Amino acid sequence: QVQLAESGGGLVQAGGSLRLSCAASGRTISTYLMGWVRQAPGKEREVVACISWNSGRTYYEDSVKGRFTISRDNRNKKSYLQMNSLKVEDTAVYYCAAVQSGAAGIRVDEYDYWGQGTQVTVSS
């Protein structure tokens, strides 16, 4: 079992930056693919980024490419999402998620473990 807890959300103006953190407890995450999933009001959850167990592969949803960067620290059981040049449309609840390595990680239904979510609000 893996327990995930996000932090770092908040209110920021458009063009600003935020860094989300995900702290894992329980089992090591070194064999898990880690992802960040968001859900905007009235919309379905979408995977915005994921990173393979050894950081050798990353995926970004088209709308965040070049603005968001996912990273991980297996030793300290953490995952991060650096979000730059934030837009109003990035407003959402952001969830940290994990799935055993082998999954592609680009679909929401692939993930087995979820954090409680952290709110990111971008104002114009």
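General observations
- Three semi-axes of the equivalent ellipsoid, the chain, Cα gyration tensor, whole Å, largest first: 23, 14, 13
- Accessible surface, per residue, of region 1-98 when the full set of protein chains is kept, probe 1.4 Å, Å²: 48
- Applying 1/(1 + (r/R0)^6) with r as the Cβ-Cβ distance of Arg19 and Thr121 and R0 = 22 angstrom yields a FRET efficiency of 0.90.
- Peptides 112-124, 95-107, 7-19 ranked from most to least packed by the mean count of surrounding Cβ atoms within 10 Å: 95-107, 112-124, 7-19.
- Segment Lys78-Ser55, length gained on full extension (0.36 nm per residue, minus Cα span): 7.0 nm
- Candidate lysines for bridging to Lys87, where Cα separation is under 17 Å - those fewer than 8 sequence places away on the same chain excluded: Lys43, Lys65
- Local electrostatic count at Asp90 - Lys and Arg +1, Asp and Glu -1, tallied over other residues with Cβ under 9 Å: +2
- DSSP-defined antiparallel bridges as percent of all bridges, the chain, nearest 5: 90
- The chain - percent of accessible surface contributed by carbon and sulfur, probe 1.4 Å: 46
- Across the chain, Cα pairs under 8 Å and at least six residues apart give a relative contact order of 36 percent.
The values are calculated or read from the model by the stated rules, or taken from the named source; none is laboratory data. Note that the structure is a prediction, hence the values are computed from the model and not measured. Cβ sites come from the backbone with ideal geometry, for glycine too, and all protein chains shown count toward neighbours. Protein only, heavy atoms only, side chains kept; ligands, DNA and RNA dropped before computing areas. Shrake-Rupley method; radii C 1.70, N 1.55, O 1.52, S 1.80 Å.
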